[in-house]
1. Considering only region 243-261, I want to know if a residue exists there that is outside any helix (DSSP H, G or I), touching a strand residue (DSSP E or B) at 6+ places or on another chain (Cβ under 9 Å), of a type outside the set (A, V, I, L, M, F, W, C) and in contact (Cβ under 8 Å) with a residue 24 or more places away in the chain.
2. Can you tell which of Ala583, Ala577 is more than 24 Å from Ile714 (Cβ to Cβ), free of Cβ contacts under 8 Å to residues at least 24 places away in the same chain and assigned to a helix (DSSP H, G or I)?
3. Take the conditions crowded, with 20+ Cβ neighbours inside 10 Å, farther than 20 Å from Gly512 by Cα, touching a helix residue (DSSP H, G or I) at 6+ places or on another chain (Cβ under 8 Å) and assigned by TED's automatic domain parsing to the domain that holds Phe438 and apply them to Gly379. Does it pass?
4. Kindly provide the set of residues from region 420-458 that are in contact with a helix residue (DSSP H, G or I) (Cβ under 6 Å, 6 or more places away or on another chain), under 20 Å from Gly571 (Cα atoms) and hydroxyl-bearing (Ser, Thr, Tyr), ordered by number.
5. Which of (1) in contact with a helix residue (DSSP H, G or I) (Cβ under 7 Å, 6 or more places away or on another chain); (2) more than 22 Å from Val281 (Cβ to Cβ); (3) modelled with pLDDT of 90 or more; (4) surrounded by fewer than 24 Cβ atoms within 10 Å (Cβ to Cβ) is the odd one out, the single condition Gly218 does not satisfy?
6. Within region 512-553, count every residue that is assigned to a helix (DSSP H, G or I) and either among the β-branched types (Val, Ile, Thr) or within 20 Å of Ala664 (Cβ to Cβ) (or both).
7. Suppose we keep only residues that are touching a helix residue (DSSP H, G or I) at 6+ places or on another chain (Cβ under 9 Å) and charged (D, E, K, R) within region 384-402. Which one would you say is nearest to Pro470 (Cα to Cα)?
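The values are calculated or read from the model by the stated rules, or taken from the named source; none is laboratory data. In this text the structure is predicted, and so the values were computed from the model without any measurement. Here the Cβ positions follow ideal geometry from the backbone for every residue, glycine too, while neighbour counts run over all protein chains shown.
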Amino acid sequence: MTTLLGFEIVAGIAVVRLENPPVNSLGHELRAGLSEALDRANADSGVEAVVLIGSGAGFSGGADIREFGTPKALAHPDLRTLIREVENSAKPVIAAIGGVCMGGGLELALACHYRVGAPGARIALPEVKLGLLPGAGGTQRLPRLLGLEAALNMIVSGATVASEKLRGTPLFDAFGAGGGAQVASGGVPPRAASAGRPASAGGGSPPAGSEGGATPLGAGSDGDLLATALAFARRVVDEKMPLKRVRDRAVDMPNAEAYLQFARNTVKAVAGPYPAPLACVEAVAAAVGTSFDAGLKRERELFTTLMFSPESAALRHVFQAERAAARILDVPDDTPVRPLRTVGVIGAGTMGGGITMSLINAGIPVVLLETQQEALDRGLANIRRNYGGALRKGTLTEQSLAERLALITPTLDYAALRDVDLAIEAVFENMDVKHQVFETLDGVLKPGAILASNTSALNLDEIAQFTRRPQDVIGLHFFSPANVMRLLEVVRGARTAKDVLHTAMRLAKTMGKVAVVSGVCDGFIGNRMLARYGAAAHDLIMAGATPQQVDAALQDFGMAMGPFRVGDLAGLDIGWALRKRRAAEFPGRDSSNVADLLCEAGRFGQKTGAGWYRYEPGSRHPIPDPVVTDFIEQYRRRQGLNPRAVSATEIVERCIHALINEGARILEEGIAQRSSDIDLVYLNGYGFPAFRGGPMFHADQTGLHDIARSLQAIAAQKGSDAAFWTPAPLLVRLAREGRTFSAFKGSSP
């Protein structure tokens, strides 16, 4: 039998243990092993019942996504076949559910005749987050146990529910808690969508029906869970309890059709370009008023349609990209990690405050340094104010907040940083200021401490030279607001030590960030590409478009916000300072644009009430401003340009293709180690639509040949900047060879 499975017989009970770390994913080898183990148990006269139990992280995290679209996904037994074999077993099968029980893992558990739960288990059918629906009976069995409303809520949202909230429902036949717990009533699964996916149709409590009510048997550790499951299995055998099949239950709900229509309307209104949430509603609807087999057939039809949808392909790409980003090609997994017991943050402004919150939210003590008491007090007050929303919503208590704030040690003295393991500089984006800070840190920090800069564009190798330990210097580019944004660009300098890089990636994971490694260049991955994207948008208003036309076209494409609205939100003075720095570094290069005129007029965006748009006091709603039109016309005249009509198609093509073209250069130069890393940067830091998978994945789906031809055509147009629009060499080469960015194997930054 496979090594991914354990099999032993304990007092007449066959214990089948899933042993496929990290989450016991149900790949082909494990499925085949489970099928064989079930046959073995049924053929052995000494076996009276079977207990399925997980190991490590829990029961099972579900299907192996790496098999999707490959022959292994359909190889016998596929998950549906295995589930049918479990359900039809001649001997009772009991699922012992602890830890992770999600997706196909939960569908497997639902096919068992009985289920024993443990406190702290995490229950979910999260397939909607991959643009799919539960395709192995989950949409048919869960409503039969939790009721229509609660099951639909879980399936449409993909939300994870604590096992304790499902105690008392027919999902669990027995439920343990150390010390002898009492039976608890059913809870309400959360309704909020996760990771920006569409929200569910509605709330509602799972029914606390008498059938299948939980029995307090005591389970805490993995060993306790097994003991609980064995005791329950013995009871099933001794009491000759029937083989309960979930498929034989009915879905009872008065006015079910009226509720389903309400759910359709609600989900349709929030699902946007994602087809999976509405398909989930239709699959669950098939559990009502039809036979179980007819419902399964409808579920399979909908699942197959979604599997071949571009939206699901994109979301599955994102899922795999996040896991790939953590692997650095030349840094082995067993590379040592430096201890990070305390972190110093230099600067208590917007970025420093957000970074501090990210650290204390992860339980990491922070020494927060400022140069003036007033600035320090203001920073601490802002940190507390930023927690206000969580306090009002009840997701954070005053006690929890006090515990987090107690992790901050405010100081005005660099000497207070002498014992920190990592210092993160978050001061003004000026090389002279960075020089002073890093030179001071180098003289204060203990040997082995890591020195990190939050710079968004400056040369990290130059910053490292301000110290006597360049091997300990790294870039940690947080995105604003740092306590909210998931993206963290980890910038690897020419001399950054591997263990420093490995430690930074581990810290990112601890803080719940999506970390992407970047090499050193002006702007790194994200802001370097953003500069090209912004330049393309500026070209369009020079050609004849208005800022609101450009923003509208790109928002219709799926961008969270158009480039001119983004500029106003971030502050136009930031880009202005960058252009002035580049003008000083590269004399003769004209990097000016209309935004310079706006900044010279004091229009810095939302913070001044005017930028590319006008803003009413207290409002973030952009209002087109005739003053901006005058500035644009003035600039066009200065450049000798005559405006023309610009279509939405041209706007999207130019801006997105400029983004892709610069991504190709970044990939070829080794600034990013894989194209999916570039996708993660734009998905998590710049509002690129997840249903398109990121700019490089979108390019692969569109076809590199077509993109290269489009860029060549723009470059050949009269008045175009040929150097700007000429396709990157890598793009041309891959297009000629019929290859994709995802197939290109880059190198470590």
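1. The initial filter retains those residues of region 243-261 that are outside any helix (DSSP H, G or I), namely 243-245, 249-255.
Checking the rest, the ones that are also touching a strand residue (DSSP E or B) at 6+ places or on another chain (Cβ under 9 Å) come to 243-244.
Going one step further and asking which of them are of a type outside the set (A, V, I, L, M, F, W, C), we end up with 244.
Among the residues that remain, those that are also in contact (Cβ under 8 Å) with a residue 24 or more places away in the chain are: 244.
Yes, region 243-261 contains at least one residue that is outside any helix (DSSP H, G or I), touching a strand residue (DSSP E or B) at 6+ places or on another chain (Cβ under 9 Å), of a type outside the set (A, V, I, L, M, F, W, C) and in contact (Cβ under 8 Å) with a residue 24 or more places away in the chain.
2. Numbers: Ala577 fails: free of Cβ contacts under 8 Å to residues at least 24 places away in the same chain.
Exactly one residue qualifies, and that residue is Ala583.
3. yes
4. Ser456 - this is the single residue of region 420-458 that is in contact with a helix residue (DSSP H, G or I) (Cβ under 6 Å, 6 or more places away or on another chain), under 20 Å from Gly571 (Cα atoms) and hydroxyl-bearing (Ser, Thr, Tyr).
5. (3)
6. Taking region 512-553 and keeping what is assigned to a helix (DSSP H, G or I), we get 526-543, 547-553.
If we keep only those that are either among the β-branched types (Val, Ile, Thr) or within 20 Å of Ala664 (Cβ to Cβ) (or both) as well, we get 526-537, 539, 541, 550.
Summing the residues that are assigned to a helix (DSSP H, G or I) and either among the β-branched types (Val, Ile, Thr) or within 20 Å of Ala664 (Cβ to Cβ) (or both) in region 512-553 gives 15.
7. Top of the filtered list is Arg384.
Quick grid of which residues meet (1) of a type outside the set (D, E, K, R); (2) at pLDDT 95 or above; (3) surrounded by fewer than 23 Cβ atoms within 10 Å (Cβ to Cβ):
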position: Ile65; (1), (2), (3): yes, no, yes
position: His76; (1), (2), (3): yes, no, yes
position: Arg80; (1), (2), (3): no, yes, yes
position: Arg84; (1), (2), (3): no, yes, yes
position: Pro92; (1), (2), (3): yes, yes, yes
position: Gly104; (1), (2), (3): yes, yes, no
position: His113; (1), (2), (3): yes, yes, yes
